[in-house]
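Each remark here refers to the structure printed beneath this line.
Read-outs throughout are calculated quantities, based only on the coordinates presented, and are distinct from any laboratory measurement. No experiment lies behind these values; they were computed from the predicted model shown. Ideal geometry is used to build each Cβ from the backbone, glycine not excepted, and the neighbour counts take in all protein chains shown.
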């Protein structure tokens, strides 16, 4: 049982997640350890274990928070617009996703590691947030894409979320990857997260 007020518990959890987020901007998933995270928080490393048992659970919490922040952006699209054409809707959704580079990186790179080494109750919390994200997309499509049946909406969302897994690696090729593609006579075309998502959404909806 974690001791402290709800406010203190929330604050400590956020500090741990923020430390992980900061490190993930410049380090890989494999390089980041609980020791590295402990060096970034204003309390002792053993305190981290009161909140998370593994580094994967910290990443899972970061993943969930990224979903929650994306939902906030999507709800704003829903609430702030009475009517949107397909191009406008595709543009706004594409921007909302492009604004979440950490989310795209987590989905593409580390989802199996995070989920495989986290407690089922924490994984369930993530899946509940994911369910909320799907529900948010369903009401957006229902509002702005008239004539689409629920079955068509579910099919398109399945395709969209499958597509998301490839956005980060398609838009963030390393120098080594570019060199290998050049050696293999493969043309590399630099494209942004926004451009890739916008083009796909236009075809999808």
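Summary table
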| quantity | calculated |
| --- | --- |
| Set 11, 36, 21, 7: member being outside any loop (DSSP other than H, G, I, E, B) and either closer than 30 Å to residue 202 by Cβ or touching a residue at least 24 places away in the same chain (Cβ under 8 Å) (or both) | 21 |
| Subset of the range 148-189 [outside any helix (DSSP H, G or I) and closer than 18 Å to residue 97 by Cβ] | 165, 166, 172 |
| Condition met for residue 62 (within 19 Å of residue 18 (Cα to Cα) and touching a helix residue (DSSP H, G or I) at 6+ places or on another chain (Cβ under 9 Å)) | yes |
| Residues of the range 46-55 satisfying the condition of being in contact (Cβ under 8 Å) with a residue 12 or more places away in the chain, surrounded by fewer than 20 Cβ atoms within 10 Å (Cβ to Cβ) and assigned to a helix (DSSP H, G or I) | 47 |
